[in-house]
């Protein structure tokens, strides 16, 4: 009986494991190997093993990479606190007992299902210089002097992209926070009511402390989202103007598929992956210690 | 009492504002698609179409015949990926939830680890691999990587679903003489239907909108999927017809929006589940 069960398990997992092995694990390991070589896709000569040279060049010599790194950090530093605070507020509002709640939830979560490339097209259009609704709106409210070629000007392009990422980030993160809020037992708020707490006190002393789990998740998603931002930038600016919106992902992608320096690109991709893994490991640790204290 | 009413007004007002901001981009495109080309290009933009009509929707397939190809490609690819992922993940999720076998936790751990890796890491070797196999620019060349990248999360959700089913049902079935496979497809699959819908919805949405792999692994126009194709349509003419383009954008997001409106519950739960345990 036991023998039998043992065997069937392997049959059940075989299709999944073989596909994941050949199209995930193997490429991930191959990529690590390539990152130690000077592999160029269009070059017919055999790639040479050059150990950490790609990594050293990227981190210490390649100013374009460091600039892309800076922009990725900038996106994270600006958008993350805003997304976190705004989506917490939105989630708290969506947890109130009011009429038409489901309509509000639907409206606020909807951006989640608009695919990245379609929303990039829409936003590019919103920002557009002559036909864009943003400039048109500014003119109508007599702020015409603020009109701008938002994505074309090196000074504003990155901020225009950050604004869009905040728009899409709020939808995801308010779902995460709302999940945490729903899990908070009603009795705590009732007890608070008896003690005569006001709205602000409830938020600071009951809601926020009990949302530690969602907070940590939101920050993992925040890191990952900032490092993985690609489609919107690729479509809206392609990294331009003057490389001001070049981020780690677009940099890596261009190295891999435009100049075909795949060994170098793999090293750059691995730096991204390592950052993500370190940060999520750190976050998991924090989550664990929080649980331990509780 | 007065304060309470004020509070309510404040809540409604803020929610209306946030909803407006979050819906605005899609709403604007929807309204634009109902405008004539002349109205779109006039210097004074009205949010509401002055003379709403469906002209753009009637013309879009005639003027942009490629759009039909893109829709066809996306439908075939997404359909096959969703169905295959469901079947494969149901089996694997069941095994991880209910069966004991060597290395199960190590295997599961490494499958879940894959979720965090940015796509560009495995994309580069997949590209060279597919070039060697000669399957760039084919359906299969996109379908397999899509299944591979959808599986980890799908397995995770299915495992959670099957773990939630009570042991006693399984025991009763075994006493009644069910074989392992019968137990799986006659009892476990119907009981796990919620997880199956969640996986179907999340997989559909992520594949229907996927850009990076579709953009890199397909170079021929006739094999393009919708998200990539629409960007190309926009690029081709540059300044051409925004009315048609917005109609095309609306058509391409309608399936996702309808699915979301019908199955929102599953979608939201899927994200929360993934978040809480992931």
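The values are calculated or read from the model by the stated rules, or taken from the named source; none is laboratory data. Source: prediction; values computed, not measured. Glycine also receives a Cβ, built like all others from the backbone with ideal geometry; neighbour counts cover every protein chain displayed.
Brief remarks follow.
- Filter result (more than 7 Å from chain A (Cβ to nearest Cβ), modelled with pLDDT under 90 and assigned to a helix (DSSP H, G or I)) within the stretch B:225-241: B:232, B:233, B:235, B:236, B:237
- Criterion (under 30 Å from residue A:263 (Cα atoms), modelled with pLDDT under 95 and loosely packed, with under 13 Cβ neighbours inside 10 Å) met by exactly one of A:99, A:48: A:48
- Test: residue in the stretch A:170-190 that is assigned to a helix (DSSP H, G or I), within 14 Å of the chain's Cα centre (by Cα) and away from chain B (no Cβ under 12 Å): no
- Put simply, of A:60, A:104 the only residue that is farther than 13 Å from residue A:169 by Cα, surrounded by 16 or more Cβ atoms within 10 Å (Cβ to Cβ) and free of Cβ contacts under 8 Å to residues at least 24 places away in the same chain is A:104.
- Among the residues making up the stretch A:204-224, those that are away from chain B (no Cβ under 11 Å) and crowded, with 16+ Cβ neighbours inside 10 Å are A:206, A:207, A:210, A:211, A:212, A:215, A:219, A:222.
- Screening residue A:144 with (1) touching a strand residue (DSSP E or B) at 6+ places or on another chain (Cβ under 7 Å); (2) at pLDDT below 90 gives one miss only, at (1).
- Residue-level check: of (1) surrounded by fewer than 21 Cβ atoms within 10 Å (Cβ to Cβ); (2) at pLDDT 90 or above; (3) within 30 Å of residue B:40 (Cβ to Cβ), residue B:211 misses just (1).
- Test: residue A:238 is away from chain B (no Cβ under 12 Å), on the phi > 0 side of the Ramachandran plot and either modelled with pLDDT of 90 or more or not in a helix (DSSP H, G or I) (or both): no
- Within the stretch B:44-157, helices (runs of 4 or more DSSP H) holding 1 or more residues that are modelled with pLDDT under 90, within 30 Å of residue B:250 (Cβ to Cβ) and in contact with a helix residue (DSSP H, G or I) (Cβ under 9 Å, 6 or more places away or on another chain): B:55-63, B:66-98
- Residue B:44 vs. criteria surrounded by fewer than 12 Cβ atoms within 10 Å (Cβ to Cβ) and within 11 Å of chain A (Cβ to nearest Cβ): yes
- Odd one out for residue A:255, checked against (1) in a helix (DSSP H, G or I); (2) surrounded by 21 or more Cβ atoms within 10 Å (Cβ to Cβ); (3) under 20 Å from the mean Cα position of the chain (by Cα); (4) more than 9 Å from every other protein chain (Cβ to nearest Cβ): (3)
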